Amino acid sequence: MTDQFWLGCAVWAYRDWVGSFYPPGTGSDAFLRCYGERLTAVEGNTTFYSIPSTETVQRWRQETPDRFRFCLKLPRSLSHAGPLAAQIEAAAAFRRQLQPLGDRLGPAFLQLPPRYGPGAIADLSQFLAAWPVVQWPLAVEPRHPDWFQPQPRQALNQLLQRYGCGRVLLDTRPVYDGVDDPQVTSDRRKPQLPLHPDVIGEYALVRFISHPDRDRNPAYLAEWQERIRQWLAQGITVYFFVHCPQEIYSPATAIAFQAQLERAGIPILSLPTPPAPAQQQLSLFS
């Protein structure tokens with residue numbers, strides 16, 4: 001078995017998981033502990049909206065097992081407030097605030113705004129040059145469509161490689177390839193962008209946007225299964241995060257994918273067995 005594969009969702013504090021993913025009666029103060037008993041990583045979308053206090057960071061470490069990893073998103077006050085080069089000091093303050101998590105830290109990730117296109121590559125280069133990837137790895141998620149054109153794609157990959165950064169792989173195909181739109185009522189729609197499964201460096205950070213209808217996901221997960229098999233054989237570490245426009249379904253999809261990998265004989269570290277109440281309630285999604 002290997003500890004190169006980490007699996008999770010975007011958040012842990014989701015109240016509607018109580019009675020399904022979390023045991024009935026679970027209070028909000030126990031959400032993170034329960035989450036860490038069931039999955040091995042979290043995307044940590046919470047830091048996009050606010051920077052946690054020192055006490056909160058310490059509690060996150062205390063409430064998660066040694067094998068757990070936080071892959072935290074840089075705050076929007078940093079990533080979505082104009083030129084990134086102007087935020088280098090703010091980024092350093094963010095790193096200092098989260099460093100007490102120590103070995104619980106997986107790669108951080110920088111989500112670029114939709115308007116931040118290839119014309120800003122010099123600004124991005126200046127920011128990445130100042131980020132100490134040896135201390136805390138960083139992956140970048142482009143969202144402007146022009147980054148996915150051949151020349152800008154190559155230029156971005158070369159830039160990330162130069163500074164030892166990764167590239168976030170966003171897969172939104174399950175929610176866009178059908179005739180329906182499960183995001184129709186969502187105010188946080190994921191962008192419809194090409195999937196370029198480019199691995200830069202020693203790890204891959206995947207954000208899989210699943211469909212609420214479980215029958216719509218297996219073909220895409222089968223593709224990811226084969227990629228993950230190849231990546232692990234090459235010594236690449238994989239962080240795989242399951243989202244859904246209806247977030248209540250994300251944990252069941254993640255756990256089903258874990259089981260799929262295990263059945264395929266892919267050498268990954270097995271998830272811990274959840275306490276019985278949650279295990280029983282997961283049948284609601286089967």
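The values are calculated or read from the model by the stated rules, or taken from the named source; none is laboratory data. Treat the numbers as computed from the prediction; the structure is a model and nothing was measured. Cβ coordinates were reconstructed from backbone atoms using ideal geometry, including for glycine residues, and neighbour counts include every protein chain displayed. To get the accessible areas, we keep the full protein, side chains included, count just its heavy atoms, and leave off ligands, DNA and RNA. Shrake-Rupley method; radii C 1.70, N 1.55, O 1.52, S 1.80 Å.
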Q.
Keeping all protein chains in the complex and leaving out DNA, RNA and ligands, what accessible area do you get for His211 with a 1.4 Å probe, in Å² to the nearest 10?
A. 10
Q | Chain lengthening between Glu89 and Arg229 when straightened (0.36 nm per residue, less Cα-Cα) | A | 46.5 nm
**Q.** Hz values of 3J(HN,Hα) by residue in segment 117-125 - Karplus curve (6.51, -1.76, 1.60), Gly and Pro given as x
**A.** x, x, x, 9, 5, 5, 5, 4, 4
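Fully extended, how many nm does the chain gain between Ala222 and Arg61 (0.36 nm per residue separation, minus their Cα-Cα distance)? Present the calculation step by step, with values, prior to reporting the outcome.
Values: separation 161, 0.36 × 161 = 57.96 nm, distance 3.36 nm.
Answer, rounded to one decimal: 54.6 nm.
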(Q) Over 5 Å intervals from 0, what percent of Cα-Cα pairs in segment 112-238 sits in each interval? (A) 2, 10, 18, 20, 19, 15, 10, 5, 1
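What does the extension gain come out to for Arg162 and Arg115, with contour length at 0.36 nm per residue minus their alpha carbon separation?
Contour length minus the Cα-Cα distance gives 14.5 nm.
Helix-only mean residue ellipticity at 222 nm, the chain, DSSP H runs n ≥ 4 weighted -39,500 (n - 2.57), per residue, nearest 500. What is it?
Details: 11 runs with 97 residues, N = 286.
My calculation for the chain gives -9500 deg cm²/dmol from helical runs alone.
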**Q.** Relative compactness, the chain, computed as alpha-carbon Rg over 2.2 N^0.38 Å
**A.** 0.97
(Q) Can you give me the C-alpha center-to-center distance between segment 19-86 and segment 124-182, rounded to a whole angstrom? (A) 22
Q. Any idea which of Tyr35, Ala90, Gln154 is furthest toward the positive side of the dipole for the chain, if Lys and Arg beta-carbons carry +1 and Asp and Glu beta-carbons -1?
A. Ala90
